Amino acid sequence: MQRLSEFIKKHRDAAILAGLSCFLAGATVAWLRLDGLPPAWDDAWYLANSLEMFDALVDGGVWGFGRRFLTILGTKPPLITILPTPLYLLLGRNPEYAFGVNLVFIPILLTSVYLLGRRCWNSRAGLIAAYVTTTMPMFYGLARWFLIEFVLTAFICVGIL
């Protein structure tokens, strides 16, 4: 029994962080299942272009994928169109799978925020920072849309770390 309590004490922060990640991911999946509305115009446009990028990979290989990547969104940055490609390769060509990109970046975002808080103060501050991030409307709202902002926030937190 003492081993178990030592294990829990040693990995408490990781368990809390995993719980926060699971909570945000679960709330996102539940929302996506309950929300029967079609995506907004910008979500739909990015989803359609992500499928077009996947088709470019399937039809033209890496060369066709790279060539289409440079022109897919015209003047906008095309990162959002290629992020779901691994999910399409694993799960199939379905635009609903693109929302999984945010699910992948939830633990990355929360872990980097936790580590930033821990580095600046202590582990309790890191856990509070991760909790506040989980409950901020901007983040739990962005986790439900197929937009680049959620992923970029995770990238920036990792970059600052």
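Summary table
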{"item": "Cα lying deepest toward the dipole's positive end in the chain, options I156, A44, A130, charges on Cβ", "result": "A130"}
{"item": "Where the range 1-121 is the region considered: accessible area per residue in Å², 1.4 Å probe", "result": "64"}
{"item": "Virtual spin-label span in nm between A30 and L161, 7 Å along Cα→Cβ", "result": "2.6"}
{"item": "Contour minus Cα-Cα distance for I128 and L79 (0.36 nm per residue)", "result": "14.6 nm"}
{"item": "Sorted peptide list for 69-80, 124-135, criterion being average Cβ within 10 angstrom, highest first", "result": "124-135, 69-80"}
{"item": "Span from the the range 14-85 Cα centroid across to the the range 119-145 one, whole angstrom", "result": "23"}
{"item": "Residue-averaged 222 nm ellipticity for the chain, from DSSP H runs of 4+ at -39500 (n - 2.57), nearest 500", "result": "-25000 deg cm²/dmol"}
{"item": "Environment charge at R12 (Cβ cut-off 12 Å; Lys +1, Arg +1, Asp -1, Glu -1)", "result": "+1"}
{"item": "Percent carbon-and-sulfur accessible area, the chain, ignoring ligands, DNA and RNA, probe 1.4 Å", "result": "69"}
{"item": "Net charge contributed by nearby residues that have their C-beta within less than 13 Å of A25 (K/R +1, D/E -1)", "result": "+2"}
{"item": "Highest-first arrangement of 141-152, 82-93, where packing means the average Cβ count within 10 Å", "result": "141-152, 82-93"}
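The values are calculated or read from the model by the stated rules, or taken from the named source; none is laboratory data. In this text the structure is predicted, and so the values were computed from the model without any measurement. Here the Cβ is made from the backbone with ideal geometry for all residues, glycine too, and neighbour counts use every protein chain on show. All accessible areas refer to the heavy atoms of the entire protein, side chains included, with ligands and DNA or RNA removed. Shrake-Rupley method; radii C 1.70, N 1.55, O 1.52, S 1.80 Å.
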